[in-house]
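Take a look at the structure set out below.
The values are calculated or read from the model by the stated rules, or taken from the named source; none is laboratory data. All figures in this text were calculated on a predicted structure; none of them were measured in a lab. Positions of Cβ are generated from backbone atoms using ideal geometry, with glycine treated the same way; all protein chains shown enter the neighbour counts.
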Amino acid sequence: MPSKLKQAISQKEFIATCELAPPKGSDVSEFLDHAGVLKSLVHAINITDGQGGNMRMSPVIASYLLERETGIESICQIVCRDKNRIGLQSDLLGAVALKLRNFLCLYGDKAEAGDHPNAKDVFDLTTDDLLKAFSNFSQGLDFAENKLNESVKDLCIGAAAHPGVDDLASQSEKMQKRVENGVQFFQTQIVYESDQLKRFLDSIRGKVHAPVLIGITPLKSVKMANYMNEKVYGVTVPKPLIERLEKSSEPQKEGIKIALELVQQVKELGGDGIHLMAIGQEKELPTLLSQISMSQKAG
């Protein structure tokens, strides 16, 4: 049976997703508490896979527990960093056996950036290879085209996109090719610039036939804004937004206000949806998503 996310895509709804990291331990109570208050506010919650190269609980297990305990759909992230093609496919088949249906295929952050800097990166497969594995599953084959016991159907497969790259035409072509290879939705890197957002959406309009969810992260301080500009590839926080944070007596609230304005811009420019990444502000997600939900009903 198709996931609710897949059904929402087919019905061309304005889609809202967000992101949570699995716990750094085996106690999932706080993780589930954070997730539970988001029910009815999002179509699905991304569960990250070693985000930033940091060790956390398996996203497959965390996604399963999320769905079992809260009834909220997960988008299970799968990265190429940690396992070879045998291990990755084993995990994917196990995830499907646990009734997970939504997956986001990513290359993954290098281990040297995380909390185990001496760990060895694998990267046996590329993101496109991982997409091929899913495509083969739907035909009853593994990556090496050996037969499976059955065809794996009704999955909803996503990939990342980057509005901040210099060559948007090449990015659009890459996205088109991935749709041809089975990608059914995209989630993008964070966007703060209105002009950048417009250029990106114009570059894919009428060409990429899958919903593209624009990445939005609320700024909580000037320090965070400067970090984004200096350290995060393809992300630019415009000077006027930084000045707003500087002048505000409550910069975190101002950051949420800016995020809501960006959501409205996505809607006005004909975007398909949004993907919220809280980055340390998970407790603010319900407030932000509630306001987004209210604005949708009002519209």
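Exactly one condition in (1) over 25 Å from Leu148 (Cβ atoms); (2) at pLDDT 95 or above is false for Leu98; which is it?
Result: Leu98 fails condition (1) only.
Please work out if Ala161 is surrounded by fewer than 16 Cβ atoms within 10 Å (Cβ to Cβ), small (Gly, Ala, Ser) and under 24 Å from Asp82 (Cα atoms).
For Ala161, the condition - surrounded by fewer than 16 Cβ atoms within 10 Å (Cβ to Cβ), small (Gly, Ala, Ser) and under 24 Å from Asp82 (Cα atoms) - is not met.
Taking region 79-116 on its own, how many of its residues are in contact (Cβ under 8 Å) with a residue 60 or more places away in the chain and assigned to a loop (DSSP other than H, G, I, E, B)?
Going through region 79-116 one residue at a time, the tally reaches 4.
Considering only residues of region 229-261 that are surrounded by 14 or more Cβ atoms within 10 Å (Cβ to Cβ) and among the polar types (S, T, N, Q), which is nearest to Ile214 (Cα to Cα)?
Result: Thr236.
Going by what's in this entry, would Ala133 be described as surrounded by 14 or more Cβ atoms within 10 Å (Cβ to Cβ) and either under 25 Å from Gly87 (Cα atoms) or touching an Asp or Glu at 6+ places or on another chain (Cβ under 9 Å) (or both)?
Yes.
Search region 45-59 for residues being within 11 Å of the chain's Cα centre (by Cα) and among the aliphatic types (A, V, I, L, M), and hand back the single one that is surrounded by the most Cβ atoms within 10 Å (Cβ to Cβ).
Top of the filtered list is Ile47.
Any chance you could count how many residues in region 169-228 are of a type in the set (Lys, Arg), in contact with a strand residue (DSSP E or B) (Cβ under 9 Å, 6 or more places away or on another chain) and buried (at least 19 other Cβ atoms within 10 Å of the Cβ)?
Residues that pass the stated criteria total 1.
For Val42, work out the one condition from (1) surrounded by fewer than 22 Cβ atoms within 10 Å (Cβ to Cβ); (2) on the phi < 0 side of the Ramachandran plot; (3) under 16 Å from the mean Cα position of the chain (by Cα) it doesn't fulfil.
Of the numbered conditions (1) surrounded by fewer than 22 Cβ atoms within 10 Å (Cβ to Cβ); (2) on the phi < 0 side of the Ramachandran plot; (3) under 16 Å from the mean Cα position of the chain (by Cα), the odd one out for Val42 is (1).
Filter region 38-64 down to the residues that are in contact (Cβ under 8 Å) with a residue 40 or more places away in the chain and assigned to a helix (DSSP H, G or I), then identify the one that is nearest to Asp91 (Cα to Cα).
Per the stated criteria, the residue is Val60.
Can you give me the ranges of the strands (runs of 3 or more DSSP E) entirely in region 145-240 with at least 1 residues that are closer than 30 Å to Val96 by Cα and of a type in the set (S, T, N, Q)?
By residue number, 185-190.
Looking only at region 65-78, which residues are part of a helix (DSSP H, G or I) and among the aliphatic types (A, V, I, L, M)?
Leu65, Leu66
Being among the basic types (Lys, Arg) and in contact (Cβ under 8 Å) with a residue 40 or more places away in the chain is the filter here, so list the residues in region 178-206 that pass it.
Across region 178-206, the qualifying residues are Arg178, Lys198, Arg205.
Within region 1-30, which residues are farther than 21 Å from Thr188 by Cα, modelled with pLDDT of 95 or more and not in a loop (DSSP other than H, G, I, E, B)?
Result: Ser29, single match.
Among the residues of region 14-27, which ones are free of Cβ contacts under 8 Å to residues at least 40 places away in the same chain and either on the phi < 0 side of the Ramachandran plot or polar (S, T, N, Q) (or both)? Break it down into steps so the answer makes sense when it comes.
Within region 14-27, the subset free of Cβ contacts under 8 Å to residues at least 40 places away in the same chain is 21, 23-27.
Ala21, Pro23, Lys24, Ser26, Asp27 - these are the residues of region 14-27 that are free of Cβ contacts under 8 Å to residues at least 40 places away in the same chain and either on the phi < 0 side of the Ramachandran plot or polar (S, T, N, Q) (or both).
Among the residues of region 102-119 satisfying the criterion of being under 15 Å from the mean Cα position of the chain (by Cα) and of a type outside the set (A, V, I, L, M), which is farthest from Arg178 (Cα to Cα)? Lay out the reasoning, then the answer.
Looking only at region 102-119, we keep the residues that are under 15 Å from the mean Cα position of the chain (by Cα), and these are 102-109.
Filter once more, so that each one left must be of a type outside the set (A, V, I, L, M): 102-103, 105, 107-109.
On the way: Asn102: 16, Phe103: 14, Cys105: 11, Tyr107: 14, Gly108: 17, Asp109: 21 Å.
It comes out as Asp109.
Please enumerate the residues belonging to region 179-203 that are over 30 Å from Gly255 (Cα atoms) and under 16 Å from the mean Cα position of the chain (by Cα).
Passing the criteria: Val183, Gln184.
Given (1) at positive phi; (2) modelled with pLDDT of 95 or more, identify the lone condition not met by Thr48.
Unmet for Thr48, out of (1) at positive phi; (2) modelled with pLDDT of 95 or more: (1).
Against the conditions (1) without any contact (Cβ under 8 Å) to a residue 40 or more places away in the chain; (2) buried (at least 21 other Cβ atoms within 10 Å of the Cβ), where does Gln7 fall short? Just the number, please.
All conditions are met except number (2).
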